[in-house]
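As structure tokens, the structure follows; a few thoughts come after it.
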Number of protein chains: 4
Amino acid sequence: MTTFKAGLVGVTGYTGMELARLLCGHGGLRLVRATSRSDAGRTLDQLFPGLGGLPVGGLTVSQPDVDDLARACELVFLAVPHGTAMDMAAALVERGVRVVDLSADFRIKDPATYAQWYGLEHRHPGLIADAVFGLPELYAPAIRAARLVANPGCYPTSAILGLYPALSRGLAEADGLVVDSKSGATGAGRKAAVGSLFCEVADTFRAYNLGRHRHTPEIEQELSRFVGRDIRVSFNTHLLPINRGILSTCYARLARPATLAEVHAAYADAYADAPWVRVLPQGALPETKNVRGTMFCDIGLVVDPRTDRLIVVSCIDNLCRGASGQALANANLMLGLDPAEGLRLAPLVP
Amino acid sequence: MTTFKAGLVGVTGYTGMELARLLCGHGGLRLVRATSRSDAGRTLDQLFPGLGGLPVGGLTVSQPDVDDLARACELVFLAVPHGTAMDMAAALVERGVRVVDLSADFRIKDPATYAQWYGLEHRHPGLIADAVFGLPELYAPAIRAARLVANPGCYPTSAILGLYPALSRGLAEADGLVVDSKSGATGAGRKAAVGSLFCEVADTFRAYNLGRHRHTPEIEQELSRFVGRDIRVSFNTHLLPINRGILSTCYARLARPATLAEVHAAYADAYADAPWVRVLPQGALPETKNVRGTMFCDIGLVVDPRTDRLIVVSCIDNLCRGASGQALANANLMLGLDPAEGLRLAPLVP
Amino acid sequence: MTTFKAGLVGVTGYTGMELARLLCGHGGLRLVRATSRSDAGRTLDQLFPGLGGLPVGGLTVSQPDVDDLARACELVFLAVPHGTAMDMAAALVERGVRVVDLSADFRIKDPATYAQWYGLEHRHPGLIADAVFGLPELYAPAIRAARLVANPGCYPTSAILGLYPALSRGLAEADGLVVDSKSGATGAGRKAAVGSLFCEVADTFRAYNLGRHRHTPEIEQELSRFVGRDIRVSFNTHLLPINRGILSTCYARLARPATLAEVHAAYADAYADAPWVRVLPQGALPETKNVRGTMFCDIGLVVDPRTDRLIVVSCIDNLCRGASGQALANANLMLGLDPAEGLRLAPLVP
Amino acid sequence: MTTFKAGLVGVTGYTGMELARLLCGHGGLRLVRATSRSDAGRTLDQLFPGLGGLPVGGLTVSQPDVDDLARACELVFLAVPHGTAMDMAAALVERGVRVVDLSADFRIKDPATYAQWYGLEHRHPGLIADAVFGLPELYAPAIRAARLVANPGCYPTSAILGLYPALSRGLAEADGLVVDSKSGATGAGRKAAVGSLFCEVADTFRAYNLGRHRHTPEIEQELSRFVGRDIRVSFNTHLLPINRGILSTCYARLARPATLAEVHAAYADAYADAPWVRVLPQGALPETKNVRGTMFCDIGLVVDPRTDRLIVVSCIDNLCRGASGQALANANLMLGLDPAEGLRLAPLVP
């Protein structure tokens, strides 16, 4: 297999850690740069002792430097906050490097919507059109040709995959959708904050950002494509006392009476060629442990004739499928590698 | 204070444990009987070492015996499964003992609905009309006069208290309600079952019984009263990796445009005389730890003008407010004691 | 009951929170001041929503001011870091206010030992002799007369209570002691730090500070008293993914052959008048949940004739018995109140 | 690579699940039989939905049948309880099948010791001498030649690897050893038992079986080999509220004064050719998350001159290194495969 050289900008957060973990088992990408402003000079296994003795563990963290990255790497993953990522992406793309941006900077096609939800004017609006939304099940051909991929958000990955068949095939009404999502604590990142302390998160559960989470416009943008018009979604988030995992319970009205068997067949058909989407058997419901550490999106379906509702439960690992694993899948596609390389992962249960 | 003598049938489960805990700090009720078929002959502190050195710890568990209970007790708590409770309740009421039944046997007013959801014909339908649904905020006068109280289910307590002001005051549409509930693992009881093992529940999250949880008819019965006609609710449950706590996120359409301030004022007014219901300040959302071990029901309100929705987040401790604490409040009312006796509880945080 | 006025300096940490919780149920102490440099001006229930609707919830946090505290309070609890506490304690004692200092500043009788382990010269060495080590089971008479109580550390409380009968009665050899302690995460405090994040602590376990934890000299000081000569202890700490609780497994050589029954009888005798120390039945071992939220110290005893060892397992709630509850017991003693006032607590299980 | 055919007897427990997970990523072993008395007829992914879409997921579970296993498999893993395993092992070995026995049946060389600790007379004592104790770092040559490997216990793996250099090189005194071990809840297996319920294990910590855990003789047998005479160890166990992981804190007296640098060098030398043993840098201590899902044994070293002690902290994943991963390593050796095949695993953090 050809081996490509990859860089990772922002290695100290959980998405950076996860990408480092995944690259330990990848035959076609070699990590040659990992950057951090605060930890340059240390090796990766000094930062993350779990990486000791593994292929990437000995790499020395460097300061982020666009020219150095451009010389050393064929593809760069950006695991830095939105706002920061856009400039780095623009500079790298300009230098001919392929970029997978894990931030939100290039996910929203409409700069005004981006500005409204992120409180920030986009500084490279001309590049937005070039960026491909990196959901492999939906956009693989475009991703293969892309120089810049906007890696989807974790919540949107679960919601969009969960609702795609229902909306694109007209099973569910597009109005009045409710997505009730619950996420593990890695979603809050690795910043020191009182609200993320063990003693503030363990053995408790809370709702947050109801109706105003920044992933809302990303979900609405993609779901609107499926139905051909702009729709609004009530998207609401909760914090789970677990490390990894998102489970989204999606509530829709049935567009017409349908049996569970019919809905299940439509989902199975929609994802027939998508090995990472597991439409569970009728009657089964997903749980986060079954996707832990993997690329799987598990989907459970419920038709409730009492209330004329279709309930879709969609479940992913927010760090792997919802961030770094998906980024790696996009990199595989962009570089012409086997899409599954490094991602044939079995869940760690329990 | 007058001291009444109380019995507890079914002490080995979590609701029995919790009631024993609460009675340690109650000045007007003395536990004189605690029964268990499997553990008779042992003392309570042998069963539950945490009760060592506490007022109830030395009590010897006895076999359940209706005549013995009737002689010894003025009031009996039934913490046994539905189906079993109805016979015991009937026998005790017949003997002139007041009964608080923590099971579902007398919650559903319509025997046919009971039979449909619980798969069981009611053997004492004549007693159902006498039973009062034990939600103190709504039915205190009737509870005071009752000889049999049907203690509400845990999920219904959260959902009914959460939606009562919205529905009774016409703030929300009664059709299309979605209640997305998440419960701690004590809700599954203390039975040895693989699905309840630590390694099956910890660090994971799952949905279960979507659209067909047995608490559905209880919720629909009470919410229907508020709107004066039969309504249906999409009620859906999830298992949290925490010990105690239920958080229900309730989705309704606004019946008419309203500001958060208006909705908040209506809730504050509805619960002005309800010290255990804390309508949180505008912008605040509840979390389970803040009600841990207490009678509080914390309610957070969100008005989302983008989607014309009212979202009510209602949060209780499923064991205390959702079961044994509420049972004690009902006992206080039935016996003419201060309703708050033994229940002035501050949450254990963290 | 006479009601005394109390102040709490440093309310924003977990020990401050816990003291506020306990004072909600105390009949003889009224919290009239709660201070914080960062949160002055907010009410306690704004800081800690769990306190809403409770007696202390409406108190407005103020800036720490010695003169104001001295005017308003008869007793002040110091829940601030070592180094800071000593000056505040000195100033308050000088103004005639009784002080319970939850920091380490007055625990170590030898200023040189303090300086060595805490890296700090004591600025009020003259006050050290006046301070009483606040372990009620051992020093109640002196505590009653004290104007300054040094509230013991959490680990030392478990180790000292665990080994006191064994050493004072000559059951165990004083040399070669090993104390292997495990603590919940509240022990690390409520500071924002990456190492205390949920995702760094949950579902994992680690050792830390082996052989060099600052509680070592405090343990050695007290154990040395029991045997009448200076001894050294191998004291070693680990971080548990739980909120509250310390369990110390203490390893000693038997001083002479002894049966479990003999050792158990000696422990039972030593703690015959100590209602908060529960010497568990022979064969039983403690667990942290059974002391959660309470003053209990549960002790389990093992005699292992294969290795001639006595193993003592000692278990407390680090926040309640190991900090704020013990502070309240000391305040009760200092003020002539019932020592158990506000502390008749049943554990929250599960 | 040659592909061998493997069988797994007892697939429904956690060690069976873990072996199935690991075989998904193994290039030289194909799982052709998985047996269970209770679940025969179902596919593996019906039992464990996490295995859906993975190489082993479609395998149908069969009843255990020695002749069928012997015909179909070149090597069989036994993941059944001790007592049951010995007969199955004997029958399979007799039929020429290589066996890796994950139970304790062939670990103890002395049948009398086995009978004493396991309460069971060994029915195949003649086979014990043929069985090789499957710790690859110590016995790889014998494992390569073995027809029956006794896979070490989880606790013993951590204790033996932790103390091997200290004892074999005379750094530590062999008398008076204390091993204080803490294990995650998967160690208790997947049996329905009240004591293993989430609500009995979460947010709590307890000691159990102090001085009488069945892994004691296995530890003593191996450590005695290192010092050339029979020694006794005080081995003591605790239950952690985590899924996977064992951390053993081992206390020894230094045999002679030594610096940490000297001890560290000796450990590094002892494990220079052992890629799965990571002797951590001086000053670093292990934690379970860094070995999660892997074969690593992380060792941290502390020399405490105050107490003349060497403290060794040894940490493994009890399911992978302590059971199924080690079994797979043994199988690799027995079959002449690359010892690391299927086991180049990076830890899942967090």
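The values are calculated or read from the model by the stated rules, or taken from the named source; none is laboratory data. Small disclaimer: the values here were computed from a predicted structure and weren't measured. Cβ: placed from backbone, ideal geometry, glycine included. Neighbour counts: every protein chain shown.
A compact table of results
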{"read-out": "Identity of the residue in region B:256-266, of a type in the set (A, V, I, L, M) and under 29 Å from residue B:339 (Cβ atoms), that ends up surrounded by the most Cβ atoms within 10 Å (Cβ to Cβ)", "value": "B:263"}
{"read-out": "Subset of region D:1-11 that is in contact with a strand residue (DSSP E or B) (Cβ under 9 Å, 6 or more places away or on another chain) and assigned to a loop (DSSP other than H, G, I, E, B) - its residue that is nearest to residue D:98 (Cα to Cα)", "value": "D:3"}
{"read-out": "Some residue of region B:156-172 being small (Gly, Ala, Ser) and surrounded by fewer than 24 Cβ atoms within 10 Å (Cβ to Cβ)", "value": "yes"}
{"read-out": "Filtered residues of region D:17-48 (kept if assigned to a strand (DSSP E or B) and closer than 15 Å to residue D:341 by Cα)", "value": "D:29, D:30, D:31"}
{"read-out": "Qualifying residue in region C:166-176 (condition: more than 25 Å from residue C:270 (Cβ to Cβ), part of a helix (DSSP H, G or I), in contact (Cβ under 8 Å) with a residue 60 or more places away in the chain and among the polar types (S, T, N, Q))", "value": "no"}
{"read-out": "Tally, over region D:202-226, of residues that are more than 12 Å from chain C (Cβ to nearest Cβ) and either in contact with a helix residue (DSSP H, G or I) (Cβ under 7 Å, 6 or more places away or on another chain) or in contact (Cβ under 8 Å) with a residue 40 or more places away in the chain (or both)", "value": "8"}
{"read-out": "Matching residues, region A:19-37, being in contact with a helix residue (DSSP H, G or I) (Cβ under 7 Å, 6 or more places away or on another chain) and among the aliphatic types (A, V, I, L, M)", "value": "A:19, A:20, A:22, A:29, A:31, A:32, A:34"}
{"read-out": "Which listed residue is of a type in the set (D, E, K, R), under 28 Å from residue C:242 (Cβ atoms) and under 19 Å from the mean Cα position of the chain (by Cα), from D:244, D:225, D:309", "value": "D:244"}
{"read-out": "Among the residues listed as C:269, C:273, C:180, the single one being in a loop (DSSP other than H, G, I, E, B) and either of a type outside the set (A, V, I, L, M, F, W, C) or surrounded by fewer than 19 Cβ atoms within 10 Å (Cβ to Cβ) (or both)", "value": "C:273"}
{"read-out": "First in region A:323-344 and within 25 Å of residue A:189 (Cα to Cα), second anywhere and among the aromatic types (Phe, Trp, Tyr) and part of a helix (DSSP H, G or I), Cβ under 9 Å, 6 or more apart", "value": "A:323/A:14; A:324/A:14"}
{"read-out": "Filter result for residue B:49 (out of contact with any Phe, Trp or Tyr (no Cβ under 9 Å at 6 or more places or on another chain), under 24 Å from residue B:187 (Cα atoms) and without any contact (Cβ under 8 Å) to a residue 24 or more places away in the chain)", "value": "yes"}
{"read-out": "Single residue of A:25, A:96, A:83, A:58 found to be surrounded by fewer than 19 Cβ atoms within 10 Å (Cβ to Cβ) and in contact with a Ser or Thr (Cβ under 6 Å, 6 or more places away or on another chain)", "value": "A:58"}
{"read-out": "Residues within region D:185-196 that are surrounded by 18 or more Cβ atoms within 10 Å (Cβ to Cβ) and either facing another protein chain (nearest Cβ under 8 Å) or among the aliphatic types (A, V, I, L, M) (or both), tallied", "value": "5"}
{"read-out": "Matching option when the condition is within 29 Å of residue B:14 (Cβ to Cβ) and of a type in the set (Asp, Glu), among B:287, B:262", "value": "B:287"}
{"read-out": "Residue list for region C:273-312, filter: under 27 Å from residue D:178 (Cα atoms) and either basic (Lys, Arg) or not assigned by TED's automatic domain parsing to the domain that holds residue C:160 (or both)", "value": "C:278, C:289, C:306, C:309"}
{"read-out": "Residue D:242 being more than 10 Å from every other protein chain (Cβ to nearest Cβ), crowded, with 23+ Cβ neighbours inside 10 Å and either modelled with pLDDT of 95 or more or assigned to a helix (DSSP H, G or I) (or both)", "value": "no"}
{"read-out": "So residue A:256, is it over 22 Å from residue B:209 (Cβ atoms), facing another protein chain (nearest Cβ under 8 Å), of a type in the set (Lys, Arg) and over 18 Å from the mean Cα position of the chain (by Cα)", "value": "no"}
{"read-out": "Residue in region C:87-98 that is more than 23 Å from the chain's Cα centre (by Cα), modelled with pLDDT under 95 and not in a helix (DSSP H, G or I) present", "value": "no"}
{"read-out": "Residue in region D:223-235 that is under 30 Å from residue B:194 (Cα atoms) and crowded, with 19+ Cβ neighbours inside 10 Å present", "value": "yes"}
{"read-out": "Top-ranked residue in region C:280-308 [being crowded, with 24+ Cβ neighbours inside 10 Å and in a strand (DSSP E or B); ranked as nearest to the other protein chains (Cβ to nearest Cβ)]", "value": "C:287"}
{"read-out": "Residue match in region A:54-77 (condition: on the phi > 0 side of the Ramachandran plot and in the same structural domain as residue A:15 (by TED's automatic domain parsing))", "value": "no"}
{"read-out": "Where residue D:315 falls short, out of the listed (1) touching a Gly at 6+ places or on another chain (Cβ under 9 Å); (2) outside the structural domain of residue D:266 (by TED's automatic domain parsing)", "value": "(2)"}
{"read-out": "Filter result for the condition that a residue is part of a helix (DSSP H, G or I), buried (at least 24 other Cβ atoms within 10 Å of the Cβ) and more than 11 Å from the chain's Cα centre (by Cα), over C:323, C:331", "value": "C:331"}
{"read-out": "Any chance residue A:315 is over 30 Å from residue A:2 (Cβ atoms), of a type outside the set (Val, Ile, Thr) and buried (at least 23 other Cβ atoms within 10 Å of the Cβ)", "value": "yes"}
{"read-out": "Residue match in region A:187-203 (condition: in contact with an Asp or Glu (Cβ under 7 Å, 6 or more places away or on another chain) and not in a helix (DSSP H, G or I))", "value": "yes"}
{"read-out": "Residues satisfying the stated conditions in region D:49-83, i.e. in contact with a Lys or Arg (Cβ under 8 Å, 6 or more places away or on another chain), part of a loop (DSSP other than H, G, I, E, B) and among the acidic types (Asp, Glu)", "value": "D:74"}
{"read-out": "Test: residue C:160 is in a helix (DSSP H, G or I), modelled with pLDDT of 95 or more and in contact with a strand residue (DSSP E or B) (Cβ under 8 Å, 6 or more places away or on another chain)", "value": "no"}
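For (1) among the acidic types (Asp, Glu); (2) within 13 Å of chain A (Cβ to nearest Cβ), each residue gets a yes or a no:
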| position | (1), (2) |
| --- | --- |
| B:260 | no, yes |
| B:265 | no, no |
| B:269 | yes, no |
| B:274 | no, no |
| B:332 | no, no |
